[in-house]
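Peer 1: Dropping the structure in here first, questions after.
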Amino acid sequence: MIGLYVHIPFCAARCRYCDFPTAPYEEAAARRYLRALEREAEAAADYVGPLRADTLYLGGGTPPVLRGEQLGQLLAEVPGRFEVSPEAEATCEANPESLTAEILEALAAAGFNRLSLGLQTFDDGLLRLLGRRHDASGAEEAYWQARAAGVENVSLDLMYGLPGQKQAAWDRDLARALALKPEHISLYALTLEPTVELYRRRAAYVFPADDEQAEMYYAAAEALAAAGYRQYELSNFARPGRECRHNLRYWQDGEYLGFGPGAASHWRGGRYRNPRELDEYVAAAATGRWPLVDAEPSDPYREIRTAAVLALRLTEGLDAAAFAERYGVNPLEYYREELAPLAAAGLVTVDGDRLRLSPKGRFLADEVFAALI
Ligand code: SF4
């Protein structure tokens with residue numbers, strides 16, 4: 001079984017904190033892009049042969065900026081080239097203002113059963129500042145509209161560390177999200193790359209300090225646990241059995257094929273990544289071959305380190321015996337030198353055969369990963 005990821009690199013407009021390679025939706029560009037996706041999927045299907053998928057993820061960008069019929073055509077031409085299990089988890093990312101009755105109908109007709117909704121915050125002032133195109137009440141309306149259309153598995157994205165945000169405001173955001181009773185919640189700290197608009201204007205705002213952000217993260221984990229959500233990954237919390245199966249596949253170093261600019265694939269030990277820029281991607285897809293660019297040469301050293309860092313993202317951490325069986329090295333021995341200072345700093349714990357991030361290590365995971373990658 002594999003997972004399929006399809007990227008839609010269009011949005012209605014760019015948010016002020018976003019550095020993803022997305023473009024404003026435009027009919028002719030979308031038509032060209034859909035054609036490129038079809039060609040990539042055709043070439044990939046020829047190359048890998050018959051494959052069965054049990055997860056499908058439509059991400060972006062904002063997939064619902066496409067019209068319903070474009071979405072239908074895309075789903076027939078890309079995942080449609082593979083065998084998608086009727087029990088597959090099929091997720092679509094959406095922004096509240098992008099969800100229309102037509103889109104919800106097209107998604108239901110294509111068998112989508114999970115929605116990942118980018119709410120970010122319920123503070124209308126912050127939503128405007130971030131350049132989001134919805135307000136808090138619009139977000140709640142979109143949520144209930146999806147429920148009314150029969151979507152029974154919904155994930156909400158929230159952001160903390162926003163300009164001027166205080167713990168009390170963050171607590172209110174969490175409470176309002178929990179009142180909706182979603183199956184899954186993802187929490188992200190705002191990070192600003194130097195290329196984004198909000199970075200250039202950062203001097204005009206006061207951002208929560210690192211210790212305030214840490215407090216927001218820990219308080220959220222506690223509030224979500226009390227409400228019945230288990231933290232299963234650094235940023236992800238789910239009701240029992242509602243973990244995102246597609247994303248788990250990435251962290252468990254499983255196999256997947258990704259379509260579209262910047263999309264990654266991991267198949268039969270090979271790792272592939274498509275060109276990140278849209279024009280370059282469209283040109284590469286026009287060659288009719290797959291992979292679109294040369295695969296990264298297989299490197300056992302990199303495979304081991306990548307798999308270890310991915311596994312450590314999960315709350316269950318890394319089982320040394322299972323890891324040794326799969327990758328041929330015991331990570332507790334392999335990383336002996338690196339682990340000693342990390343454990344002394346309280347960032348990781350070793351419990352028998354199990355290596356995990358500590359709660360402190362979860363907030364400072366990038367420091368741990370930098371030492372282990
Ligand atoms: S909707 Fe998402 S992908 Fe699109 S510009 Fe905003 S943050 Fe970026």
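The values are calculated or read from the model by the stated rules, or taken from the named source; none is laboratory data. This one's a predicted model, so the numbers in the text were calculated from it and none came from an experiment. Glycine gets a Cβ as well: all are built from the backbone with ideal geometry, and neighbour counts include every protein chain shown.
Peer 1: Here are some residues: Gly150, Gly164. Which one is in contact with a Phe, Trp or Tyr (Cβ under 7 Å, 6 or more places away or on another chain) and either over 18 Å from Arg230 (Cα atoms) or free of Cβ contacts under 8 Å to residues at least 24 places away in the same chain (or both)?
Peer 2: None of the other options fit; the residue is Gly164.
Peer 1: Still on this structure, please answer the following. Filter the stretch 280-317 for residues that are among the hydrophobic types (A, V, I, L, M, F, W, C) and either in contact with an Asp or Glu (Cβ under 9 Å, 6 or more places away or on another chain) or in a loop (DSSP other than H, G, I, E, B) (or both) and give the result.
Peer 2: Within the stretch 280-317, Ala284, Ala285, Ala286, Trp290, Leu292, Val293, Ala295, Ala307, Leu310, Ala311, Leu314 qualify.
Peer 1: Given the stretch 99-163, what helices (runs of 4 or more DSSP H) lie entirely inside it while holding 2 or more residues that are small (Gly, Ala, Ser) and either under 30 Å from Ala53 (Cα atoms) or within 13 Å of the ligand (Cβ to nearest atom) (or both)?
Peer 2: 101-109, 136-148
Peer 1: Among residues belonging to the stretch 161-207 that are of a type in the set (Asp, Glu) and more than 15 Å from Ser235 (Cα to Cα), point out the one that is nearest to the chain's Cα centre (by Cα).
Peer 2: Glu193
Peer 1: Within the stretch 319-329, does at least one residue satisfy the condition of being closer than 23 Å to Ala365 by Cα and free of Cβ contacts under 8 Å to residues at least 12 places away in the same chain?
Peer 2: Yes, there is a match, as at least one residue in the stretch 319-329 is closer than 23 Å to Ala365 by Cα and free of Cβ contacts under 8 Å to residues at least 12 places away in the same chain.
Peer 1: What number of residues within the stretch 1-45 are part of a helix (DSSP H, G or I) and within 16 Å of the ligand (Cβ to nearest atom)?
Peer 2: Within the stretch 1-45, residues that are part of a helix (DSSP H, G or I) and within 16 Å of the ligand (Cβ to nearest atom) number 3.
Peer 1: Further question on the same structure: Residue check: is Glu280 without any contact (Cβ under 8 Å) to a residue 24 or more places away in the chain and within 30 Å of Phe237 (Cβ to Cβ)?
Peer 2: no
Peer 1: Taking the criterion of being within 30 Å of Leu34 (Cα to Cα), of a type in the set (D, E, K, R) and over 26 Å from the mean Cα position of the chain (by Cα), would at least one residue in the stretch 347-360 satisfy it?
Peer 2: no
Peer 1: If we scan the stretch 263-279, do we find a residue that is outside the structural domain of Ala53 (by TED's automatic domain parsing) and in a helix (DSSP H, G or I)?
Peer 2: yes
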